[in-house]
1. Taking the residues in segment 57-103 that are touching an Asp or Glu at 6+ places or on another chain (Cβ under 8 Å) and assigned to a loop (DSSP other than H, G, I, E, B) as candidates, determine which candidate is surrounded by the fewest Cβ atoms within 10 Å (Cβ to Cβ).
2. At pLDDT below 85 and among the polar types (S, T, N, Q), is that true of Thr6?
3. Against the definition (exposed (fewer than 14 other Cβ atoms within 10 Å of the Cβ), closer than 30 Å to Ser21 by Cβ and of a type in the set (A, V, I, L, M, F, W, C)), how does Ala47 come out, yes or no?
4. For residues that are surrounded by 11 or more Cβ atoms within 10 Å (Cβ to Cβ) and farther than 21 Å from Cys72 by Cβ, scanning just segment 28-39, find the one that is modelled with the lowest pLDDT.
Amino acid sequence: MLKNLTALAALVAMFSTVGCSGQDIPPAHKGRMLDKTGAIAFYAGGAGFTGPILGPGTYYTGLYPEVRTIDCSTRTFKEPLTSMTQDGVQFALDVYVTATANCDNDAAVKQLLAKLAPVGKVEAAAPVQGVGQGSSEEKDPVETDPERAVTSR
């Protein structure tokens, strides 16, 4: 009876660690294997990013490694822009910015993956000036001259 329980416990342990040993890379994405560590590996330390750049598909990851991915699809961002002329006429326009990652070049994908912050550690990443973030020197014309009447807000 004890042998059967031991064998059953070994089978449960084996199948519980193998069940999540694959990871998908969706279409329009590229990825790379990230070797991590854990308790069963005695926290020996992972090797970081290993292997070639992976295209869409399902990949065997094992117990601790995972696949980190980059979205290679084209994205369009809408940025509303409002300004006021010296005469006090306010106008608005929408700026559409279309961007995509350079996923045709393996070196560019490796560089993008190296700059990714781990999930939940976004505040640790360096802030990047980009779409939706004005510089600290830009000021709203209404804030600088509150005497002007604004009808479009």
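1. Tyr64
2. Yes, satisfied.
3. Spelling it out, Ala47 is indeed exposed (fewer than 14 other Cβ atoms within 10 Å of the Cβ), closer than 30 Å to Ser21 by Cβ and of a type in the set (A, V, I, L, M, F, W, C).
4. Gly38
The values are calculated or read from the model by the stated rules, or taken from the named source; none is laboratory data. Only a predicted model underlies this, so the values are computations on that prediction, with no experimental measurement involved. Cβ coordinates were reconstructed from backbone atoms using ideal geometry, including for glycine residues, and neighbour counts include every protein chain displayed.
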